[in-house]
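Student: Take a look at this one; I'll ask things after.
Here, each number is a calculation from the coordinates, and none is a lab measurement. Not measured: the values here are computed from a predicted model. Here the Cβ positions follow ideal geometry from the backbone for every residue, glycine too, while neighbour counts run over all protein chains shown.
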Amino acid sequence: MTSETSSDLPANAALFVPDANERLTPAIILSATDSARNTIIDEIRSRYGRDYNIKFAATGGECLELTKSLLAKKVPIALFLIQLDDLGDWHGDALLQKLRFVVPSARRVALIPAIRFGDSFDELRTGVAEGRYDTYLGIPRGQRDEEFHTAIVEYLSDWGWSVAAPEVAYLQIVADGPSPELSAIRDFLDRMGMPVEIYHPDSVVGRDILASVEGDSELPVLSRLGKPPLSRPTVSEVAATIFGTPDTIPEGTVADLLVIGAGPAGLAAAVYGASEGLSTTVIEQGAIGGQAGTSSMIRNYLGFPRGISGMRLAQRARIQASRFGAQFFSGEGVTEIEINDEYDHHHVRVGDARICARAIVIATGVAYRRFGVRGCEDLVGSGVYYGAATSAAREMTGREVVVVGGGNSAGQAAMHLSRFAKSVTIAIRRESLTETMSDYLIREIEASPCITVKGHTEVVDGGGEGHLEWLELRNNKSQTSERVEASGLFLLLGAAPTCDWIPQQIKRDEHSFLVTGRSMPKEYWQDGVPPAFLETTVPGIFAVGDVRSGSMKRVASASGEGASAVPLVHEHLQRVRLANLTPRH
C-alpha cells in the first residue's frame, strides 16, 4: 500500500482477515544487489525460502518495477535488502528512500561490504537517523553469519506482528465491525503479543464459531482453543483465560513480594525478586508492559541497537520473570491496600480476592489524561484512542490521522502510523517538539514525507456517524480554526499518577506522585532517619518508576528503579524476621 493510496475505503477495511482458504500468497523478501548478488541469493533462499517468496533485482529500476507489479497484485512485501552501490540508474541509498514512500510498511535494510564500514560509518548513521532505511548490515562473508540473520529475523518478526495477519492465531474473534468492546480486546491481546484473527459473522469460520456458542450470543464473540467461546467478554474476562485469577491463590499464602503494576519498573522488580528466591506475585490492571508496552518501537533502550517494540520488551521480561517463578495476574487492578501493624505483612484487595505480602512494590505508572472533548469522547474505540493503540494502526491505511502530544510516546506512535496512514498530523500546544521529544525521533519525523507537525494547535471538536470522520483544529496563537478530515485521533496528552486507590498513610507530593526516601518531609522520618531510597512512609511499601515523585519518566530509569528496589525489599524482610524473633512485652 503506497502513501498515495485512496482514502475511499470503508472504516473497517483492515479489520477482517480472510478465511484460511482465501489467504494471500506468501509475503515477499525483495533484494537488489550487484557485486554480492550470488552471496545474498544463497543466504536468503536457504534460510527464508520456505516461508517467504524471494525476489531479486539486478538494477534499481528493475526493483521499482517489480515492487509496483507486486503492489498491483496486492502481494505483501515484508523486507527490502538493498546494496549501497550503483544499481544501474539508481544508487542504493536513493532507492531505499524511494521505497520508503512506495511501501512504507515494509522494512528496509541497507547492505554494505564489511570492508567499507569504516569509510561509510557517518553516511550509514545519517541514513538510519533520517529514516532512509531501518538498519545497515554487512554482506555475509561466509556461512552461518548469525549476526546478519538475527537482524533479518528481528525485522521479519516486527513486520509480521505489526503489519501482517497472523498465520497461526492464539485466539479468534467474531465481530461485524469496529466497536469500543472490540477495540479494547484487540488492544489488550496485541499488547500481550497474542496473535488474534477477526472474522465477520457471515464468513465460514465466523459461522462455525457462532454455532458453537451455547444460548444467545452477543458480538464480539471470542473463541479460545479448547475452551467454550465467550460472548461479548470484558478485558478482565479475556485476561482471566490467559493468567487465571488471584482467587486461585491458596488461603494462607503470604508472598515475600507483591508487585503492583507490570510496566518496565514492575517487571524489573519481578525479574530480580524472583531470581533471588523471593516468592513473587505481580498484579497488572491492563496488559503486561504498562504504558511502555504500547510503544511500537523503542530505539534508545540500552542493548537494542535496532530498537525493540514495547510489546516485545514486556513479553521477554514477563517470560524471564515467570521462569524464575514469578506469578502474574492481569486484567484487574488492586483496589485497596490494608495496612495493619498487627501483622508482619500487608493485605491487598483485587476484586473479591485478598493477597497477602510481606513487601509491596508499587509500580502502577501513570495514565493518559482524559481529553474531555465530548464529540471525541463519544467515539473512543471507534477512531479515537488513548495511547498509541498499535492494534488500530492497520485500520488507518490510506487515511488521515491526528496524534495529540509532543513526548516520545507521541513521536513513536506517529512514526508507526506513518507506515499505514495517508497523512499523520502531530498537534502540539507548543511551537515545536524540541523541548519535549528526543532528538532522534524529531529527525525521523522531519524526514518522514507524510508527517506534519502543527505547533500552537489544539483539537477542540470532532465527530462522525459511528466512527470518527472529522476534527476541528484551533491555533491557540491566532485563535483561528479549521475543520479537517480524520479517521483516527490518537491521544497522548501527558500523564497523571494512578494513585486514587492508595491509602492516605502513603505520602504524596503536590502532583499526587508517591514520595520516597530523603524526599520525604522530616516529620515522616523515624528516629531521625529517612526511609530507604525507594521506600514510602509505610515500612515495606516501595514506589518505583513513573508513579514515584522525582522519577525520570524513562523506560531505562524505571527498569533500574525496579531492580534497585529488590535489595531494599531484602533488607525489610530481614528486619521483619529479626522482629519476629524478638519477644514482645
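Student: Using the alpha-carbon centroid of each, what span in Å lies between the range 540-580 and the range 67-112?
Tutor: Using only Cα atoms, the two centres lie 48 Å from each other.
Student: Based on the Cβ-Cβ distance of R575 and R370, what FRET efficiency does E = 1/(1 + (r/R0)^6) give at R0 = 45 Å, to the nearest 0.05?
Tutor: 0.60
Student: Just to be sure I understand the model, the point goes 7 Å from the Cα along the line to the Cβ. What's the resulting Y170 to W470 distance in nm?
Tutor: Here the answer is 4.2 nm between the modelled labels.
Student: So, R0 is 30 Å and r is the distance between the beta-carbons of D202 and S69; what FRET efficiency does that work out to, to 0.05?
Tutor: 0.40
Student: Another one. When L473, L433, L581, L417 are ordered from fewest to most other Cβ atoms inside 10 Å of their Cβ, what list results?
Tutor: Least to most surrounded, the residues fall as L581, L473, L433, L417.
Student: Also: If contacts are Cα pairs under 8 angstrom and at least 6 residues apart, what is the relative contact order of the chain in percent?
Tutor: 13
Student: Same structure again: To test your reading of the geometry: what angle, between 0 and 90 degrees and rounded to tens, separates the Cα axis of helix 310-323 from the longest principal axis of the chain?
Tutor: Taking the Cα atoms of the chain, the angle to 310-323 is about 50 degrees.
Student: May I pose another question? What number comes out for the charge environment of R349, summing +1 per Lys or Arg and -1 per Asp or Glu over other residues with Cβ under 9 Å away?
Tutor: Net charge in that neighbourhood comes out at -2.
Student: Could you give the length gained by full extension between I319 and S557, i.e. 0.36 nm per residue of separation minus their alpha carbon distance, to one decimal place?
Tutor: Stretched fully, the I319-S557 segment lengthens by 83.6 nm.
Student: What percent does the relative contact order of the range 124-201 come to when contacts are Cα pairs within less than 8 Å and at least six residues apart?
Tutor: 26
Student: For labels at H149 and R224 in the simple 7 Å Cα→Cβ model, what's the distance in nm?
Tutor: Going by the 7 Å Cα→Cβ label model, 3.7 nm.
Student: Modelled label-to-label distance, T126 and A94, 7 Å Cα→beta-carbon offset: nm?
Tutor: Reported label-point gap for T126 and A94 is 1.6 nm.
Student: Find, among the trypsin sites (Lys or Arg not before Pro) in the range 546-585, those assigned to loop by DSSP (not H, G, I, E, B) with at most 16 other beta-carbon atoms within 10 angstrom.
Tutor: In loop regions of the range 546-585 (DSSP not H, G, I, E or B), the sparsely surrounded trypsin sites (Lys or Arg not before Pro) are K553, R584.
Student: Kindly provide the GluC sites (Glu not before Pro) of the range 219-296 that DSSP labels as loop, not H, G, I, E or B, and whose Cβ sees at most 12 other Cβ atoms within 10 Å.
Tutor: Those that pass, being in a loop and sparsely packed, are E251.
Student: Here's another thing I want to ask about it. Can you give me the Cα centroid spacing of the range 348-423 and the range 141-192 in angstrom?
Tutor: 18
Student: So what is the relative contact order for the range 19-117, in percent, with contacts set as C-alpha pairs under 8 Å and at least six apart?
Tutor: Once divided by the residue count of the range 19-117, the mean separation gives 30 percent.
Student: Across 10 Å bins from the origin, how do the percents of Cα pairs in the chain run, short distances first?
Tutor: 3, 16, 24, 25, 19, 10, 3, 1, 0, 0
Student: Something else now. Could you tell me which chymotrypsin sites (Phe, Trp or Tyr not before Pro) in the range 482-527 are loop residues by DSSP with no more than 16 other beta carbons within 10 angstrom of their beta carbon?
Tutor: Listed in order of number, the matching sites are W501, W525.
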